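Working notes for the structure below.
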Amino acid sequence: MKNFFFLGAMVLMLSSCYTHTYMVGNGPQTGVEIKQKNHFVIAGLFPISTSNPHLMAGGAENYSVTTSHTFIDGLISALTSGIYNPTTTVVRK
């Protein structure tokens, strides 16, 4: 029974990564993808450097923006005990 609860807790903690997506205009049209990292410290409270999706799109009128905590971002955050918290921004034109 104890192992069942441990397994359940692990599944809940590792089930997905935080993702936020939004569309600008009609969404991506060309399939071009640009990635950039965002850097935060102390559990994500203080930004060191953040990406600008509008500049990443390079003046495109139709694109989508996805900001997420990837597995690697979560691993880095866990290894630093939440002191450093990266996220990834992807712009698809």
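The values are calculated or read from the model by the stated rules, or taken from the named source; none is laboratory data. Computed from a prediction, not measured in an experiment: that's the story for all the values here. Counting neighbours? That spans all protein chains shown, and the Cβs are built from the backbone with ideal geometry, glycine included. SASA here: full protein model, heavy atoms, side chains in, ligands and nucleic acids out. Shrake-Rupley method; radii C 1.70, N 1.55, O 1.52, S 1.80 Å.
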List pairs: first residue in the range 67-93 and in contact (Cβ under 8 Å) with a residue 12 or more places away in the chain and outside any strand (DSSP E or B), second residue aliphatic (A, V, I, L, M) and surrounded by fewer than 19 Cβ atoms within 10 Å (Cβ to Cβ) anywhere in the structure, Cβ distance under 8 angstrom, at least six positions apart or on different chains. Gly82/Ile42; Gly82/Ala43; Ile83/Val41; Ile83/Ile42; Lys93/Val32; Lys93/Ile34; Lys93/Ala60
Considering residues that are among the small types (Gly, Ala, Ser) and either free of Cβ contacts under 8 Å to residues at least 12 places away in the same chain or open to solvent by 80 Å² or more (accessible area, probe 1.4 Å) (or both), the number found within the range 25-43 is 0
For the range 1-18, which positions are open to solvent by 80 Å² or more (accessible area, probe 1.4 Å) and either assigned to a helix (DSSP H, G or I) or at pLDDT 70 or above (or both)? Met1, Lys2, Asn3, Phe4, Phe5, Phe6, Leu7, Val11, Leu12, Met13, Leu14, Tyr18
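Mind listing whichever residues of the range 44-60 are assigned to a loop (DSSP other than H, G, I, E, B), open to solvent by 50 Å² or more (accessible area, probe 1.4 Å) and within 18 Å of His20 (Cα to Cα)? Steps first, answer last, please.
So the first thing to find is which residues in the range 44-60 are assigned to a loop (DSSP other than H, G, I, E, B), and the list is 44-45, 50-52, 57-60.
Of the ones still in play, those that are also open to solvent by 50 Å² or more (accessible area, probe 1.4 Å) are 45, 50, 52, 58-59.
Of everything in the range 44-60, those that are assigned to a loop (DSSP other than H, G, I, E, B), open to solvent by 50 Å² or more (accessible area, probe 1.4 Å) and within 18 Å of His20 (Cα to Cα) turn out to be Leu45, Thr50, Asn52.
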Which condition breaks for Tyr63 when tested against (1) open to solvent by less than 20 Å² (accessible area, probe 1.4 Å); (2) hydroxyl-bearing (Ser, Thr, Tyr); (3) closer than 18 Å to Cys17 by Cβ? (3)
